[in-house]
């Protein structure tokens with residue numbers, strides 16, 4: 001059944017209000033090829049957990065580095081396992097070709113970004129998570145703000161709900177001004193924003209205040225793996241996080257505990273989830289993807305041979321690191 005834009009918006013808001021969307025990695029062979037059996041096993045496992053859906057093609061899945069055929073395989077795998085109420089969120093954006101001059105660089109980036117969004121829309125994505133358009137950092141401020149807004153308007157024309165992505169600049173994102181945020185959040189197609197300020201508590205607090213005072217109808221979605229519980233206290237109504245890729249149920253229960261005002265349960269779960277995040281989302285931060293895959297392997301969800309990140313990252317797991325993960329899983333009583 002093809003849903004109208006209004007129905008898509010309603011479905012997304014309903015699922016994400018109090019819901020957890022794991023940003024999912026891709027199990028791979030050591031040579032970098034997708035491990036098909038592990039991918040199917042993983043999708044089957046995660047779809048049966050307490051999740052509101054999954055986010056594919058995002059950073060946890062090395063989305064901007066995927067070839068079109070890989071994107072299609074991953075998308076179809078998850079779509080075949082999720083139930084009708086669960087969301088399939090797709091990341092959209094493009095890498096920047098620094099070998100090109102500015103006009104051609106912008107043109108190619110935009111074309112690739114829109115193509116990726118069109119693939120997601122035609123495949124049946126419920127919502128698009130818009131990678132921060134960091135290429136616009138090259139522009140002077142007035143042109144930059146106009147370009148950010150125009151780009152999101154272009155994506156809005158595809159008829160799929162948009163989830164903004166505020167990734168703090170020091171983490172490789174793009175800091176939107178309040179004026180830009182107001183324009184973007186005012187778009188009817190925008191259901192809300194994933195917030196990933198990482199170590200900037202002030203940014204999280206300021207954006208949260210903007211939502212509560214001016215956009216109470218929009219969803220503030222936490223992407224704060226290292227301050228998950230606190231971000232709920234700051235007003236986040238749901239989560240879209242890489243931390244949810246391996247043990248989503250404890251995080252789903254954490255959200256439920258806060259929303260139901262079960263504060264003793266919230267404090268217990270929050271401390272356990274924080275300890276889990278401290279072991280997996282740590283320097284080098286980009287290695288968290290491999291750590292998530294190994295959490296899955298240690299639980300027997302995927303085979304050890306499938307616990308590999310995309311080629312070129314240079315990351316390997318030492319036995320001492322695996323033992324630390326085992327201890328974390330046990331001591332934090334993850335489930």
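Bear in mind these aren't lab numbers, they're just calculated from the coordinates by the rules spelled out. Source: prediction; values computed, not measured. All Cβ positions, even for glycine, are placed from backbone atoms using ideal geometry, and neighbour counts span all protein chains on display.
When DSSP beta bridges are restricted to pairs lying wholly in the chain, around 5% turn out antiparallel.
Out of all Cα-Cα pairs in the stretch 1-79, roughly what percent, to the nearest whole number, are more than 17 Å apart?
Values: 1598 of 3081 pairs.
Across the stretch 1-79, Cα pairs with separations above 17 Å total 52 percent.
Diffusion coefficient (Stokes-Einstein, Kirkwood radius over C-alpha pairs, 20 °C, 1.002 mPa s) for the stretch 100-168: 168 µm²/s, rounded to a whole number. Most tightly packed first, judged by the mean number of other beta-carbon atoms within 10 Å of their residues, the peptides 238-251, 58-71, 183-196 read 238-251, 183-196, 58-71. Looking at the calculated P(r) for the stretch 212-335, what percent of the C-alpha pair distances fall above 23 Å? Within the stretch 212-335, distances greater than 23 Å cover 34 percent of Cα pairs.
Any idea how far the Cα center of the stretch 36-90 sits from the one of the stretch 173-199, in Å? Here the answer is 25 Å between Cα centres. Which of 105, 259, 291 moves most in a GNM of the chain, Cα contacts under 10 Å? It is 105. Mean separation of Cα pairs under 8 Å and 6 or more residues apart, divided by the residue count, gives the chain a relative contact order of 21 percent. Largest first, the three principal axis extents of the alpha carbons in the stretch 122-228 are 36, 32, 26 Å in whole numbers.
Remark: 215, 228, 75 ranked as 215, 75, 228, counting other beta-carbon atoms within 10 Å and listing the fewest first.
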